[in-house]
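J.: Let me give you the structure first, and then I'll get to my questions.
Nothing in this text is a laboratory measurement; each read-out follows from the coordinates by a stated rule. As the structure is a prediction and not an experimental result, all values here were calculated from the model. Note that we place each Cβ from the backbone using ideal geometry, even for glycine, and neighbour counts take in every protein chain shown.
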2 protein chains.
Amino acid sequence: MEISAIALKELERLGAEIKLSEQLTQIRHAGTSLEVQTDKGAYKADLVLLALGVRPATEFLDGSGIELAKNGAVIVDREMRTNVPDIYAAGDCAEIYHMVLKRNVYIPLATTANKAGRMVASNLNGGHVKFPGTLGCAAVKVGEKELARAGLSEAEAVSYGFDAKPVVVEANSVPHYYPGSEKITIKLIYERESKRILGAQAAGPKGTVLRINIFAAAIANGMTTEGLGMLDLCYAPPFSTVWDAVHVAANAAK
Amino acid sequence: MEISAIALKELERLGAEIKLSEQLTQIRHAGTSLEVQTDKGAYKADLVLLALGVRPATEFLDGSGIELAKNGAVIVDREMRTNVPDIYAAGDCAEIYHMVLKRNVYIPLATTANKAGRMVASNLNGGHVKFPGTLGCAAVKVGEKELARAGLSEAEAVSYGFDAKPVVVEANSVPHYYPGSEKITIKLIYERESKRILGAQAAGPKGTVLRINIFAAAIANGMTTEGLGMLDLCYAPPFSTVWDAVHVAANAAK
């Protein structure tokens, strides 16, 4: 929420009019005229883009004996093997192991598909490469802002039963006196008792996504907020503050 | 060597004339005229800058009973305690524990000084905070190039007795079709048998230093090249290739 609000603000700064929580009821199309009807209003449009999520196209596997998850994704083990000998699955059609949840999830992303594909190639050739797991890392550029996530969101952490605590900080990308210093907003989600980092999300200027990758490495290794807060990172004014935004977020966890 | 060559090239591109391996014998100063004499030539100068390294100014401790290292740095344990009860030391005057070497080193940097100072404050107040260790992370901007390091250099790894193997890669900062795609050169140093990452150095465009921070997190956690090569990192064309430069370097290790 704290992070997506920044994307919303950036879109509005760029002149976009955002309508949320409206239900699409009809798209009217006559000649070159397009109109979108929702339960709250009607909007003229030049172009209508539908972003409805992704569903595995695995209907062709009906009756094959290959086990599918409820959403239709192929169930695989950490070597990308299905339940049928010698049949492997990888990519947007298949589930993938999640490092923090220690169970399969459906997160169809190019990064995971690439890694899973490479593993299948190795394992088809007699290898036994096991996927360490996805962290659900994702990034998007909205106007001039970078947004990214690694690990669990607060809502995900809670829904999976973690005793999760969030902290949100605003830190400088580079020292205030250095040209181009901007704020990075970071939301860190960690386990209340152990202080283990479960997830991180951020929005800010160039360099925000790469910082989320530092969190990804920390989450993959089970680092605590204390450990990350004392991690040796590079410092020089063109790149960061002495305590980088990553440190500031980690050290804000109580 | 592979990395500093890039800094040299960038300085020459900017019009600097570089003279290496010359021994300074004299600086002549008459009125407003300055001349530097070396064993190989004489150079007119507007300004002479001497960068001769850093030495701890601990002469005032002579006779105090506080143990100093050969170079004069105060010897401390991981709680920043000297050998004298209730006396702590931190910053450029003191040694610091190195995470990879598992011994004290002298690396006087602002990052470490800040962390050590905070620990001393905690520990003076009854705390027992132990420093996880420095990685010798450092970064510098040379013209348009970012240069950074984390962990051990190849020479350091060899000198400390590691069976170290280097690999050097050139990878795209962002996909070749995306505006501003440039090459990042990464040198990775790892243990031959275990594949544990010992150090990484890089030179390239904006984002190079933050990538070295990903290596720092990997090194701090004892990650192998295989582990890092399969680490889930954020991907979208404005930020990276599907296999980020970090992956490319890790997966180049054989």
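J.: I need the inter-copy label distances for residue A:47: point set 7 Å along Cα to C-beta, values in nm with one decimal, smallest first.
T.: Once sorted, the set of distances for residue A:47 reads 5.1 nm.
J.: Over 24 Å between C-alpha atoms is what I'm after, so list which of B:9/B:206; A:9/A:40; B:187/B:254; B:44/B:141; A:9/A:141 land there.
T.: Values: B:9/B:206 17 Å; A:9/A:40 22 Å; B:187/B:254 14 Å; B:44/B:141 26 Å; A:9/A:141 13 Å.
From the list (B:9/B:206; A:9/A:40; B:187/B:254; B:44/B:141; A:9/A:141), the Cα-Cα distance tops 24 Å for B:44/B:141.
J.: Percent relative contact order of the range B:59-124, based on C-alpha pairs within less than 8 angstrom and at least six residues apart?
T.: Values: 88 pairs, mean separation 17.0, N = 66.
It rounds to 26 percent for the range B:59-124.
J.: Could you size up the charge dipole of the range B:138-252 around its Cα centre, putting +1 on the beta carbon of Lys and Arg and -1 on that of Asp and Glu, and report it in debye to the nearest 20?
T.: Values: 11 positive and 12 negative charges, 37 e Å.
Here the size comes out at about 180 debye.
J.: Something else now. For the range A:1-133, what's the relative contact order in percent, using C-alpha pairs closer than 8 Å and at least 6 residues apart?
T.: Values: 172 pairs, mean separation 18.3, N = 133.
About 14 percent, as a whole number.
J.: Would you mind classifying chain B by shape? Square roots of the alpha carbon gyration tensor eigenvalues, ordered a ≥ b ≥ c; an a/c under 1.5 is rounded, otherwise it is prolate if a/b is larger than b/c and oblate if not. All intermediate terms of the calculation are to be shown ahead of the outcome.
T.: Details: a/c = 2.06, a/b = 1.08, b/c = 1.90.
It comes out oblate by the Cα gyration axes.
J.: Classify the range A:1-75 as rounded, prolate or oblate from the Cα gyration tensor: take a ≥ b ≥ c as the square roots of its eigenvalues, call it rounded if a/c is under 1.5, otherwise prolate when a/b beats b/c and oblate if not. Present the calculation step by step, with values, prior to reporting the outcome.
T.: Numbers: a/c = 3.19, a/b = 1.65, b/c = 1.93.
Since a/c reaches 1.5 but b/c is at least a/b, the shape of the range A:1-75 is classed as oblate.
J.: Something else now. From the label point of residue A:60, set 7 Å along Cα to the beta carbon, how far off in nm is each other copy's matching point, shortest first?
T.: Label-point separations across copies, in nm and ascending: 7.7.
J.: Charges only on Cβ, +1 for Lys and Arg, -1 for Asp and Glu: so what's the dipole of the range A:1-150 about the Cα centre, in debye to the nearest 20? Don't skip to the answer; put the middle values down first.
T.: Details: 18 positive and 18 negative charges, 78 e Å.
The dipole of the range A:1-150 has a size of about 380 debye.
J.: Another one. What residues qualify as long-range amide H neighbours of residue B:34, i.e. H under 5 Å apart, gap of 5 or more or another chain, H built at 1.01 Å from N?
T.: The list, which skips near neighbours in sequence, is B:45.
J.: While we're on this one: Mind checking which of A:11, A:198, A:61 has the largest fluctuation in a GNM of chain A, springs on alpha carbons under 10 Å?
T.: A:61
J.: Please go through the range B:107-204 and write out the chymotrypsin sites (Phe, Trp or Tyr not before Pro) that DSSP classes as loop and that have at most 11 other C-beta atoms within 10 Å. Please report the intermediate quantities before stating the final value.
T.: On the way: sites: B:160, B:162, B:177, B:190; in loops: B:160, B:162, B:177.
Within the range B:107-204, the qualifying chymotrypsin sites (Phe, Trp or Tyr not before Pro) (loop, at most 11 other Cβ atoms within 10 Å) are B:177.
J.: Near residue B:68, within a Cβ-to-Cβ distance under 14 Å, what is the net charge of the other residues, with Lys and Arg +1 and Asp and Glu -1? Could you put the intermediate results ahead of the total?
T.: Details: positive: B:55, B:70; negative: B:59, B:62, B:67, B:92, B:95.
Once all neighbours under 14 Å are counted, the net charge is -3.
J.: Ok, one more. Which trypsin sites (Lys or Arg not before Pro) does the range A:82-157 hold that lie in a coil by DSSP with at most 11 other beta carbons within 10 Å?
T.: Details: sites: A:102, A:103, A:115, A:118, A:130, A:141, A:145, A:149; in loops: A:102, A:130.
Answer in residue order: A:102.
J.: Sticking with this one: What longest range of chain B stays clear of loop-exposed GluC sites (Glu not before Pro) (DSSP non-H/G/I/E/B, at most 10 other C-beta within 10 angstrom)? Can you show the working numbers first?
T.: On the way: sites that count: B:17, B:193.
The answer is B:18-192.
J.: While we're on this one: Just checking the output field for A:236-248: average partner chain Cβ neighbours within 10 Å of each residue's Cβ?
T.: Details: counts 11, 2, 6, 12, 5, 1, 6, 4, 3, 0, 3, 3, 0.
Shielding by partners across A:236-248 averages 4.
J.: Still on this structure, please answer the following. Pairs of alpha-carbon atoms within less than 8 angstrom and 6+ residues apart define the contacts here; what relative contact order does chain B have, in percent? Walk me through the intermediate numbers first.
T.: Numbers: 465 pairs, mean separation 34.2, N = 254.
In percent, rounded to a whole number, it is 13.
J.: Another question, then. I need the inter-copy label distances for residue B:25: point set 7 Å along Cα to C-beta, values in nm with one decimal, smallest first.
T.: Ordered by distance, the counterparts are at 9.4 nm.
J.: Let me make sure I get this right: for the protein assembly as shown, a, b and c are the square roots of the gyration tensor eigenvalues over alpha carbons, sorted descending. Under 1.5 in a/c it's rounded, otherwise prolate if a/b > b/c, else oblate. Which is it?
T.: Cα axes put the protein assembly as shown in the prolate bin.
J.: For the range B:1-86, state which trypsin sites (Lys or Arg not before Pro) are in a DSSP loop and have at most 11 other beta carbons lying within 10 Å of their beta carbon.
T.: Values: sites: B:9, B:13, B:19, B:28, B:40, B:44, B:70, B:78, B:81; in loops: B:19, B:40, B:70, B:78.
Answer by residue number: B:19, B:40, B:70.
J.: Using θ = phi - 60° and the Karplus form 6.51 cos²θ - 1.76 cosθ + 1.60, what ³J(HN,Hα) does each residue of the range B:170-176 get, whole Hz, x for Gly and Pro?
T.: 10, 10, 6, 5, 9, x, 4
J.: Exposure proxy check: A:228, B:124 ranked by fewest other beta carbons within 10 Å? Before the final figure, lay out the partial values.
T.: Numbers: A:228 29, B:124 11.
Listed from fewest to most nearby Cβ atoms, that is B:124, A:228.
J.: Order by neighbour count: A:247, A:176, fewest other Cβ atoms within 10 Å first, most last.
T.: Working: A:247 24, A:176 7.
The most exposed by this proxy come first: A:176, A:247.
J.: Calculate for chain A the 222 nm mean residue ellipticity that helices alone would give, adding -39,500 (n - 2.57) per DSSP H run of length 4 or more and normalising by residue count, nearest 500 deg cm²/dmol. Each step should come with its number before you reach the end.
T.: Working: 6 runs with 57 residues, N = 254.
That comes out to -6500 deg cm²/dmol.
J.: Given the options A:52, A:210, A:245, identify the residue whose Cα lies farthest towards the positive end of the charge dipole of chain A (+1 on Cβ of Lys, Arg; -1 on Cβ of Asp, Glu).
T.: A:245
J.: Then there is this: Taking H as built 1.01 Å from N, whose amide H comes closer than 5 Å to the amide H of residue B:142, not counting residues under 5 places away?
T.: Under 5 Å from the amide H of residue B:142 lie the amide H atoms of B:147, each far enough along the sequence or on another chain.
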